[in-house]
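The values are calculated or read from the model by the stated rules, or taken from the named source; none is laboratory data. Only a predicted model underlies this, so the values are computations on that prediction, with no experimental measurement involved. Here the Cβ is made from the backbone with ideal geometry for all residues, glycine too, and neighbour counts use every protein chain on show.
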Amino acid sequence: AAGMFLRLLSDVRWRAANPKWRRMTCCQRSTSSTAEPHPVSLPAQAQVVICGGGIMGTSVAYHLSKMGWKDIVLLEQGRLAAGTTRFCAGIVSTARHVSLELKMANYSNKLYQQLEQETGVQTGYTKTGSISLAQTQDRLISLKRIASSLNVMGIPCEIITPKQVAQLHPLINIHDLVGAMYVPEDALVSSANVSLALATAASRNGVQIHERTSVSHVSVQKGRVTGVETDRGQIQCQYFVNCAGQWAYELGHSGGEPVNIPLHACEHFYLLTHPLKEPLASNLPTIVDPDGRIYIRNWQGGILSGGFEKNPKPLFTEGRNQLEIQNLQEDWDHFEPLLSALLRRMPDLEALQIMQLVNCPESFTPDMRCIMGESPTVRGYFVLAGMNSAGISYGGGAGKYLAEWMVNGYPSENVWPLDLKRFGTLQSSRTFLRHRVMEVMPLMCDLKVPRWDFQTGRQLRTSPLYDRLDAQGARWMEKHGFERVKYFVPPGKDLLDLDQSKTFYKPDWFDIVGSEVKCCKEAVCVIDMSSFTKFEISSTGDQALESLQYLFSNDLDVPVGHVVHTGMLNEKGGYENDCSIARLSKRSFFMISPTDQQVHCWAWLKNRLPDDSNLTMEDVTWKYTALNLIGPRAVDVLSELSYAPITPEHFPSLFCKEMSVGYANGIRVMSITHTGEPGFMLYIPIEYALHVYNEVMNMGQKYGIRNAGYYALRSLRIEKFFAFWGQDLDAFTTPMECGREFQVKLEKGMHFLGQEALLEQKQNGVYKRFTMFILEDHDTDMDLWPWWGEPIFRNGRYVGKTTSSAYSYSLERHVCLGFVQHFDEKTGEELVVTTDFINQGEYEIDIAGQRFQAKAKLYPFSSLFTHRRRKDEVELSGYQRE
Amino acid sequence: AIPVRSSRLPLLSDAMPAPAHLFPLIRNCEISRICSTACYCHHKHLCCLSSHFAHGHFRYAPQKKFAALYRPKENFNHFIHARDYASTPQRFYLTPPQVNSILKANEYSFKVPEFDGKNVSSVLGFDSNQLPANAPIEDRRSAATCLQTRGMLLGVFDGHAGCACAQAVSERLFYYIAVSLLPHETLLEIENAVESGRALLPILQWHKHPNDYFSKEASKLYFNSLRTYWQELIDLNSGETTDVKEALINAFKRLDNDISLEAQVGDPNSFLNYLVLRVAFSGATACVAHVDGVDLHIANTGDSRAMLGVQEEDGSWSAVNLSYDHNAQNEHEVERVKMEHPKSEEKSLVKQDRLLGLLMPFRAFGDVKFKWSIELQKRVVESGPDQLNDNEYTKFIPPNYHTPPYLTAEPEVIHHKLRPQDKFLVLATDGLWETMHRQDVARIVGEYLTGVHHQQPIAVGGYKVTLGQMHGLLTERRARISSVFEDQNAATHLIRHAVGNNEFGTVDHERLSKMLSLPEELARMYRDDITIIVVQFNSHVIGACQNEEL
């Protein structure tokens, strides 16, 4: 059967006989070419060594060389494009839920389109378009949301009727469809050839490519990459890029310092058939039928069809060598549900003859998003892997972002959702990965609804109060491995089970959260917020203060016992982190950041704090249980438990005191709640957690205390216009853009990171502005709920997207937060956004294609702040992401 | 595909009349015809006789039994006929849960306990189950672990002319075997304990389903017979180590002898007196396995069967017979019977494939009608209770009855050394074997025990297969898999196939539902009692033992 899969699976021989290797040919297996001299010996050193010759490795090499880096070596253990890339189905689809992924796919599509012209290598690029089918109304809503995103990006896309589907594709059975989404510019490529084309272009730019060379070890000295060891010798290098695909996890662990790259392979099957009697046209649209869990594309007159089954088969959990990928078995019994779905979708294919069932492992990540970026522990060690079966769609864009990251220090987009540092060691257990990817792979086709929680790999990190809260009806979600309460189901009340609770409309917990919010406003609630990342930074002299003053934008030289909200900014003034810092003593600080900052913030500070043994930083996250007492009666509960005066005179807002609560001494009490409501955060050494919780609940009874969860917290913070890092704020957002100038002390007497950028913004104005929108004509019971990522329209023109939303029980309206930009009507150029520009517009929010009128506000409703404790300072901070 | 035995009735087609419509017809109109028709027993062990002379006031038994006596083909015609009269034919279907509750009612599983996380026994455990066709069922089963010697005993017993003999054998035989295997010192110890009224060493640990009962009334009687046996063994004290084969043969013969003697001597208690007579006048076959390490002994008397499931190197399954049927199909057996009787009887010995034209198995427990002299039979019946006297069957002397005994309980014993590829043993009464070929039994159990993953994977290779063909094949394979998952018990799984298999060798729910919804009066025409024990072997232990012996 040699030559059978010429285009798709072209078996590529990479000839490198001459040292100035510049040529590639494509030929079939032949017996004559068995003796293959190894090309040039490896160079002794290079600036960059890329491991992996698949689509990712070649794309990174291509973009790095385009950006001017020439001293690059690409190593491939087998042959170029011989791994997953070789077997990949070759569908370039921009229909993505996450807008960053959508951008990557869009860039890839444009790149591949001109690649053949640029390199002379045939890529098989064919613009076919794609049709995503909806068998249910919910699915159609999901597609409409994507369509809204695509449209504002300028990617042609339309929602079409089943009849129109039949006109676009002759074989489809449409009787069970309610609609579809048509993206006419989606394309098909031969992924192996795209990879070869990228390699060709890269090598023309000076990149050296060596096949049959395996990396066995990555050398690290003083936390920096210094070189690699291969089976053909050593190469010294400054940068190492791990593009090893499904072997990236193992490669990450083969270095002097382990780099955790949480991904895991699953078997993935697709079917190839002989041509139809009347061969299918090569420009016939690709069909994606997520409800049937399958995709179908034309392939050499026949079809190629695969899917994402409900019961995936993870493999290589123990780690294996690459050779086994060639010998994976076809498993027809496993494929049966997908075959049934295929024949249901295209009944006329019954008589079509089978050519092969291809078993092509794909790697999946714990959150269904790919992994890129620099290792938090080893500088110069970059990773690009874990494509969740969309490698060819992301390849171009992902390679570009990583190249920018390496060359410029950061990509041109906020890539935090894909950043390797969103994971830590805790997501790297093989068991965890094995279990999680079995959930992730089916999710590829599952309906993506708001507030989805993973069900596997749970209960890893828990508060000491977990069992107590669980017994009281807590429902849990997970953040960075930590179990957090969503809300408490009152006794006797039943909620829908998991599958039925999936909705784009008003959820079944609406009233439950409403009553928790009410209690926060009128009495007092307890929320367990132990998941927050907590660092202690101290020094023998003034080193701690000096270093922090440089790394944070607010003035930290405050009296002992004060709490400061401040951003941790990068050179461009963007938020790398948003935190609260308490000055515990003259020389020690307690820093609280969002849960998923544990790895990123640590790496950021480690890399920037002076290497001084007198300055210590400790991660004390695990040492404290954090209880948030929210509500007007919190002060009463606390004063009864501590016998200490807690009136505003003694304990003003943004203060921190160590005090006793019940029998427990040394509880760190801070007068912040992260919601704008009055109350306190209690940081409790974990062994006292249960005692303090019990005391608080007992004492609180007479004040009407109750448990509450993060959904209530979110509703409270969003109605008060509190931005959260990771959700609303990112490395491309400055304090000036989100109304937090007051948290920046430009004149604090010393230089700090991002200062210049902020000064410039202060003079020239900002190009986007964080804005609050109140939905006006939205019916909470009947209409689709906003989520995040909804396009914002000003006077009918697209100006930005929402970043978070919640129902405000006080306003009895939905509140969306988001950024407004100002594009020139003619050129599309970004202009300065002024207060007037915001205030003088008519706004609409597009939820799955339906637009709702919204009122824009730049400042929160002051009436919502019942107890303003300090006139001059409004507490504005928060940490959770939903 | 399973070859369908010719003797099996075709299933009533679509509209099966409800029994209520059917039986009045037979009762009222056909009795005389049925009685006058030549008898033919569909694979009954004993011809011409009510299988329940236990209830047996002769009037040829309750009407419901007539059906079973009737020639199947004619019977079937009757049903067709009867259907014509049925005014409102009703469909009679069982839902899958109902089917399962019938199939699983008698299932039992035993897992050999582990010590220190290890099972050092060559047996992992066993699954057993029974599906009645007779009411009450005439099959019995037993399983027990020998406590004073090593090894495990498992057996199936197929009764005929009632269940009394099978019941007695299922209660008693293993004790006889265990005692036969005991060393002299242990026998002495036990005897001394009984003598001095001390607690007895436990001999067997039974593994019983709640429905497997022991008769309380007869226990004293049975115990005394057993004690007499071991006392004789003590007196005999050969000093030699006990050979398992010999022990099995001795135990079988001794028990049959005791059954015979007890009936001759009688018992002052009238209930017991009647019981021992019923035991002796009914019969039972026995197929017993003794497993000790790699030594597997099968002792068989009659036409139940033991079969070994062997996994070949390529993963496929094959069957090895570990017993010979003692019936007319076995030439050696026919030869043996003829050898034991004068030449003059040669023609009358085996008629219509039956011993003396009556009995299907050529070896059996009980059945004193084929063992005692005519005088003895007459004497016992006459002095026996009225119930016995009223029963035509007991009075009836087999034709051409000249040189008794014609029947023996002596088993044929086969010894097999277990190998790692020997994965399981199936003991089953003929109810299973007449519906399924042993090769299919081996495959179905093998695939069940190893899980579905071992279903041979499909590879397209160079063949021309269309998507539609592949889809059909996969759907069918999935149906097979789902039927595997339905059962937690290998014996149940086998019964499901035995009763529900269609021509493709897959379980057809509709067929299963029809077969199981047959009223008890009809069931016996379509199937026999089925009793199955599936013993699963521990290949690791067997492999290790083998290596030690090498």
(request) State all residues of the stretch A:157-187 that are charged (D, E, K, R) and in a helix (DSSP H, G or I); if no residue qualifies, say none. (result) A:Lys163
(request) Answer with yes or no whether A:Thr136 is in the same structural domain as A:His63 (by the TED database), hydroxyl-bearing (Ser, Thr, Tyr) and farther than 26 Å from A:Leu168 by Cβ. (result) no
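Mind counting the residues in the stretch A:111-151 that are under 23 Å from the mean Cα position of the chain (by Cα) and surrounded by 18 or more Cβ atoms within 10 Å (Cβ to Cβ)? Before the answer, list the steps.
Taking the stretch A:111-151 and keeping what is under 23 Å from the mean Cα position of the chain (by Cα), we get A:139, A:141-151.
Still in the running and surrounded by 18 or more Cβ atoms within 10 Å (Cβ to Cβ): A:139, A:141-150.
The total comes to 11.
State yes or no: is A:Ser412 without any contact (Cβ under 8 Å) to a residue 24 or more places away in the chain and outside the structural domain of A:Leu328 (by the TED database)?
Values: without any contact (Cβ under 8 Å) to a residue 24 or more places away in the chain: yes; outside the structural domain of A:Leu328 (by the TED database): yes.
Here the answer is yes, as A:Ser412 does meet what is asked.
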(request) Could you list, in sequence order, all residues of the stretch A:405-421 that are farther than 19 Å from A:Gly52 by Cβ and out of contact with any Phe, Trp or Tyr (no Cβ under 7 Å at 6 or more places or on another chain)? (result) A:Asn408, A:Gly409, A:Tyr410, A:Ser412, A:Trp416, A:Pro417, A:Asp419, A:Lys421
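Counting only residues that are within 24 Å of the chain's Cα centre (by Cα) and touching a residue at least 60 places away in the same chain (Cβ under 8 Å), how many does the stretch B:264-307 have? So that I can check it myself, show each step before the final result.
Initial filter on the stretch B:264-307 (within 24 Å of the chain's Cα centre (by Cα)): B:275-292, B:295-307.
Filter once more, keeping what is touching a residue at least 60 places away in the same chain (Cβ under 8 Å): B:275, B:277-292, B:295-307.
Residues meeting the conditions: 30.
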(message) For the stretch A:750-769, which positions are without any contact (Cβ under 8 Å) to a residue 60 or more places away in the chain and either within 14 Å of A:Arg740 (Cβ to Cβ) or buried (at least 19 other Cβ atoms within 10 Å of the Cβ) (or both)?
(response) A:Lys762
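A quick yes/no check of all residues on (1) crowded, with 24+ Cβ neighbours inside 10 Å; (2) over 30 Å from A:Leu342 (Cα atoms):
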site	(1), (2)
A:Met355	no, no
A:Cys360	no, no
A:Met387	yes, no
A:Gly424	no, yes
A:Leu447	no, no
A:Gly457	no, yes
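Residue-wise test of (1) crowded, with 21+ Cβ neighbours inside 10 Å; (2) of a type in the set (Gly, Ala, Ser).
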residue	(1), (2)
A:Val183	yes, no
A:Leu188	yes, no
A:Val215	yes, no
A:Glu250	no, no
A:Ser254	no, yes
(request) State the number of residues belonging to the stretch A:132-156 that are touching a residue at least 60 places away in the same chain (Cβ under 8 Å), under 25 Å from A:Gln821 (Cα atoms) and in a loop (DSSP other than H, G, I, E, B). (result) 1
(request) For A:Trp332, work out the one condition from (1) closer than 19 Å to A:Ala89 by Cα; (2) in contact with an Asp or Glu (Cβ under 9 Å, 6 or more places away or on another chain) it doesn't fulfil. (result) (2)
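Mind checking which residues of the stretch A:329-342 are among the polar types (S, T, N, Q) and either in contact with a Pro (Cβ under 7 Å, 6 or more places away or on another chain) or more than 7 Å from every other protein chain (Cβ to nearest Cβ) (or both)? Before the answer, list the steps.
Within the stretch A:329-342, the first condition is being among the polar types (S, T, N, Q), and the residues that meet it are A:329, A:340.
Matches in the stretch A:329-342: A:Gln329 only.
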(message) Within the stretch A:296-308, does at least one residue satisfy the condition of being more than 13 Å from chain B (Cβ to nearest Cβ), of a type outside the set (Lys, Arg), within 30 Å of A:Ser216 (Cβ to Cβ) and outside any loop (DSSP other than H, G, I, E, B)?
(response) no
(request) Give the number of residues within the stretch A:701-727 that are of a type in the set (Asp, Glu) and without any contact (Cβ under 8 Å) to a residue 12 or more places away in the chain. (result) 0
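Being at pLDDT below 90 and either in a loop (DSSP other than H, G, I, E, B) or surrounded by fewer than 21 Cβ atoms within 10 Å (Cβ to Cβ) (or both) is the requirement here; does B:Val381 meet it? Reasoning before the result, please.
Values: at pLDDT below 90: yes; either in a loop (DSSP other than H, G, I, E, B) or surrounded by fewer than 21 Cβ atoms within 10 Å (Cβ to Cβ) (or both): yes.
Spelling it out, B:Val381 is indeed at pLDDT below 90 and either in a loop (DSSP other than H, G, I, E, B) or surrounded by fewer than 21 Cβ atoms within 10 Å (Cβ to Cβ) (or both).
Would you point out the residue of the stretch B:394-428, among those that are part of a loop (DSSP other than H, G, I, E, B) and of a type in the set (D, E, K, R), that is nearest to B:Leu308 (Cα to Cα)? Give the derivation first.
Residues of the stretch B:394-428 that are part of a loop (DSSP other than H, G, I, E, B), as a first pass: B:396-407, B:409-411, B:418-421.
Then drop every residue that is not of a type in the set (D, E, K, R), which leaves B:410, B:419.
Values: B:Glu410: 22, B:Arg419: 11 Å.
Among them, the one singled out is B:Arg419.
Considering each residue of the stretch A:28-64, count those that are of a type in the set (A, V, I, L, M, F, W, C) and modelled with pLDDT under 90, and give that number. Lay out the reasoning, then the answer.
Quick first cut of the stretch A:28-64, residues of a type in the set (A, V, I, L, M, F, W, C) only: A:35, A:40, A:42, A:44, A:46, A:48-51, A:55-56, A:60-61, A:64.
Then drop every residue that is not modelled with pLDDT under 90, which leaves A:35, A:40.
The number of residues fulfilling the criteria is 2.
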(message) Out of the residues in the stretch B:513-535 meeting the condition of being in contact with a Lys or Arg (Cβ under 7 Å, 6 or more places away or on another chain) and either within 26 Å of B:Lys423 (Cβ to Cβ) or among the small types (Gly, Ala, Ser) (or both), tell me which one is surrounded by the fewest Cβ atoms within 10 Å (Cβ to Cβ).
(response) B:Ile533
(message) I'd like the full set of residues that are out of contact with any Asp or Glu (no Cβ under 8 Å at 6 or more places or on another chain), under 18 Å from A:Gly154 (Cα atoms) and surrounded by fewer than 22 Cβ atoms within 10 Å (Cβ to Cβ), limited to the stretch A:775-799.
(response) A:Gly789, A:Tyr798
(request) Scan the stretch B:465-485 and give yes if some residue there is free of Cβ contacts under 8 Å to residues at least 24 places away in the same chain, of a type outside the set (Gly, Ala, Ser) and in contact with a Gly (Cβ under 8 Å, 6 or more places away or on another chain), otherwise no. (result) no
(request) Return the total of residues in the stretch A:343-352 being crowded, with 17+ Cβ neighbours inside 10 Å and either more than 7 Å from every other protein chain (Cβ to nearest Cβ) or not hydrophobic (A, V, I, L, M, F, W, C) (or both). (result) 2
(request) Taking the residues in the stretch A:623-640 that are more than 14 Å from A:Ile705 (Cα to Cα) and modelled with pLDDT of 95 or more as candidates, determine which candidate is surrounded by the fewest Cβ atoms within 10 Å (Cβ to Cβ). (result) A:Lys623
(message) Please determine whether any residue of the stretch B:428-441 is more than 18 Å from B:Leu131 (Cα to Cα), crowded, with 24+ Cβ neighbours inside 10 Å and modelled with pLDDT of 95 or more.
(response) no
(request) Write out, first by first residue and then by second, each pair whose Cβ atoms fall under 7 Å of each other, whose residues are 6+ apart or on separate chains, and whose first residue, in the stretch B:532-545, is on the phi < 0 side of the Ramachandran plot and in contact (Cβ under 8 Å) with a residue 60 or more places away in the chain while the second is assigned to a loop (DSSP other than H, G, I, E, B) and among the aliphatic types (A, V, I, L, M). (result) B:Phe537/B:Leu418; B:Val541/B:Val120; B:Ile542/B:Val294; B:Ile542/B:Leu418; B:Cys545/B:Val294
(request) Sort through B:Phe424, B:Phe396 and tell me the only one that's buried (at least 17 other Cβ atoms within 10 Å of the Cβ) and more than 14 Å from every other protein chain (Cβ to nearest Cβ). (result) B:Phe424
(message) Can you find, within the stretch B:484-512, the residue that is modelled with the highest pLDDT among those that are away from chain A (no Cβ under 14 Å), assigned to a helix (DSSP H, G or I) and surrounded by fewer than 20 Cβ atoms within 10 Å (Cβ to Cβ)?
(response) B:Arg511
(request) Would you check which residues across the stretch A:545-585 are assigned to a helix (DSSP H, G or I) and over 32 Å from the mean Cα position of the chain (by Cα) and list them? (result) A:Leu545, A:Glu546
